[in-house]
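Working notes, structure below.
Bear in mind these aren't lab numbers, they're just calculated from the coordinates by the rules spelled out. Bear in mind the structure is a predicted one, so any value in this text is a computation, not a measurement. Cβ sites come from the backbone with ideal geometry, for glycine too, and all protein chains shown count toward neighbours.
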Amino acid sequence: MINLLDIKYLGALLRSTWTWRLLRLAMLGLLLLMIAFGWHQHAIPGVAVRDPLMYTNFTTFNLWVLWMMGMVGVALIFGRSWCTLCPVGWLNGVASRFGLRRELPQWLQNFIPVTLVLVLLQLLVYFLAIHRYPDYSAVLLSWMLLLAIGGGLLFRRRSFCLLFCPAGALFGLYARLAPWQLRVKDTSVCAGCQDKPCIAVEPVWRQAALGQLRLHWRTRPEGCPVALVPAQIEDSAACTLCMNCVQTCCNDNVGLGFRGWPGDLRKSGLRPSETLFFLVLLGLLTANFAKVYVALREAIFFVPESLALALGWDVAGFYPLAVIWLGLIFPLLLLTPGMLVYLIGQVRVTTLADAPSAPPHETAVTPTFSGSTLIRLIGQMALPVLPLVLSAHLALALVKLNAKAGYLPLILQDVSGVKSFLAINVMQTLTAPGVLIPLDILKWLVVLLLVAGFGLSGLAAWTIASGDSSEKTAFDKPFFLAALVSVMTLVAFYGSTVMEWLFVR
């Protein structure tokens, strides 16, 4: 691994606590501006358009276009590096130093709470269209700050990141692929360290001196905000790159830099609760990707629409059914062909020396395939699928940014977005911003992303099926074929959408 901390000036900048404090303060200031500029902006009086400020207002543009789409590219290159700058997680960590510092209950230390938050956000998008209105977006950001401070005052460490932040869980998935990691240089050095300041959380006395003047105060180190031990980090999924261990290590034994492929894909599959989050993400992302292909979109939503009609429910009843369908059943159906291939590959046919002692229907059979086995299989299947899912997510982000990034100069001139909308759509004194990349180029970039995702997923499937070379495990052919079938199923969805969306229409 190339250690960026060893580069003379860059290393000093990365090690400095003030570098990250100033950046987090800047991000906090931007967040507060987003709340302020969106708080009382909902619509434009006299304008019949339902959501005129969706792309012209400072709040909605920055939150739902720049951040929501831009974070995918950040995750591709730097993994969870956004967590290093996130002002919400930082406030949560600061508040935890002064609060009750209770341990987070064990039953909450999983991905179920954050998965439910992701589902709730999708319901808010369906019912309230919070992504279209600046005031709703400002309220959402305000609740984030309140939950971060409240959670910090109640629990130790960064409870907000673990319980309420779907972005952090998403970064954790993609961080397995990112060529970026934090690791200790030598685990034996950590084993011999007595002080262990990287994980210390007991209060200490500090002193500030100016000549003969002395100022003493008692403070509590934060340690690792997500309770990791640097020497025991084996993958990049949980590490938020907060830099605390870099800044507190007394042996200069922490490295930060790039690594080679395949990242963390040689490890075991996702944990059960993380598998649930992956399924919800896969379903929502695939449905969102296919929404521009009308026939495919209607096919995807056929079941919840038919069920809602059969039950006599209106739109308010359809949305919860759609979320359950997209977040659980639909992604399971996408992965079913691959799992069937894997199960078929597990069948073993042997020749018996004698006839069985009892008819087959009287033979006691001990089941070896259970629900936990299925969840574990899905968690293992998720790893080779991740590169393709990330490439589809990147394609969506690229199309969105290409279409809407041109609004940025207008937003910097008119943060409310009212004047810009009226000038473009009512008085017609301004031309609506166009795309940054022509469609003839954009469509091939999208194809290139999907082809790259397909290739890397195939390589990931081969790598995982090959196992650890040091243990000389046999090549897992059923898993490899099952992973390829799962990848091809998703390629069929994404590829058909791209053909209809960018090439046929």
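Note on THR187 and ALA316: their simple-model spin labels are 5.6 nm apart, each label 7 Å out from Cα toward Cβ. Determine the sum of side-chain charges near CYS224: Lys and Arg each +1, Asp and Glu each -1, restricted to other residues whose C-beta is under 12 angstrom from that of CYS224. So the environment of CYS224 carries a net charge of +3. Considering the range 373-435 at the alpha-carbon level, its Rg and Dmax are found to be 20.2, 63 Å. Ordered by the count of other Cβ atoms within 10 Å of each Cβ, fewest first, HIS216, HIS131 give HIS216, HIS131. When MET54, MET381, MET427, MET71 are arranged by Cβ crowding within 10 Å, least crowded first, meaning fewest neighbours, the order is MET427, MET71, MET54, MET381.
Subtracting the Cα-Cα distance of LEU328 and LEU108 from 0.36 nm times their residue separation leaves 77.1 nm of extension gain. Once you divide the Cα radius of gyration of the range 27-131 by 2.2 N^0.38 Å, the number left is 1.33.
Counted by neighbouring Cβ atoms within 10 Å, the residues ASP354, ASP414, ASP6 run from fewest to most as ASP354, ASP6, ASP414. Within the range 234-366, the proportion of C-alpha pairs whose separation exceeds 19 Å stands at 72%.
Taking a ≥ b ≥ c as the square roots of the Cα gyration tensor eigenvalues, with a/c under 1.5 meaning rounded and otherwise prolate when a/b beats b/c, else oblate, which class fits the range 154-293? Verdict is prolate for the range 154-293. Shape call for the range 11-67 from the C-alpha gyration tensor, a ≥ b ≥ c root eigenvalues: rounded (a/c under 1.5), prolate (a/b greater than b/c) or oblate? Prolate, since a/c reaches 1.5 and a/b exceeds b/c. Here the simple spin-label model places points 7 Å from the Cα toward Cβ, and for VAL47 and ILE2 these points are separated by 4.7 nm.
For the chain, the gyration tensor built on C-alpha atoms gives an oblate shape. Its axis ratio a/c (a ≥ b ≥ c) is at least 1.5, and a/b is not larger than b/c. For a Förster distance of 25 Å, can you work out the FRET efficiency between the beta-carbons of LYS477 and VAL447, rounded to the nearest 0.05? Plugging the Cβ-Cβ distance into 1/(1 + (r/R0)^6) gives 0.25. Across all Cα pairs in the range 262-313, the calculated P(r) in 10 Å bins from zero up to the longest distance comes to 21, 31, 29, 15, 4 percent per bin.
Working from Cα pairs under 8 Å separated by at least six residues, relative contact order for the range 446-500 is 40 percent.
Listed by chain and number, the aspartates and glutamates placed with their C-alpha closer than 16 angstrom to that of LYS8 are ASP252; residues fewer than eight positions away on the same chain are left out. Kirkwood-type hydrodynamic radius, the range 437-487: 12.6 Å, calculated from all non-identical alpha-carbon pairs. Of the Cα atoms belonging to the range 364-505, the radius of gyration and Dmax stand at 22.7, 81 Å. Seen from LEU104, the other residues with C-beta closer than 12 Å to its C-beta sum to a net charge of +4, counting Lys and Arg as +1 and Asp and Glu as -1.
Per-residue packing, averaged as other Cβ atoms within 10 Å, sorts the ranges 253-263, 60-70, 196-206 into the order 60-70, 253-263, 196-206, beginning with the highest.
Cross-link partners of LYS477 among lysines, defined as those whose alpha carbon lies under 28 angstrom from its own and excluding same-chain residues fewer than eight positions apart: LYS267. Gain on full extension, evaluated as 0.36 nm per residue between HIS40 and LEU374 minus their Cα-Cα distance, stands at 115.4 nm.
Could you tell me the ratio Rg/Rh of the range 183-228? Both radii from Cα atoms, Rh via Kirkwood. The Rg/Rh ratio comes out at 1.14.
Taking the inverse of the mean reciprocal distance over all distinct Cα pairs, the Kirkwood hydrodynamic radius of the range 85-191 comes to 15.6 Å.
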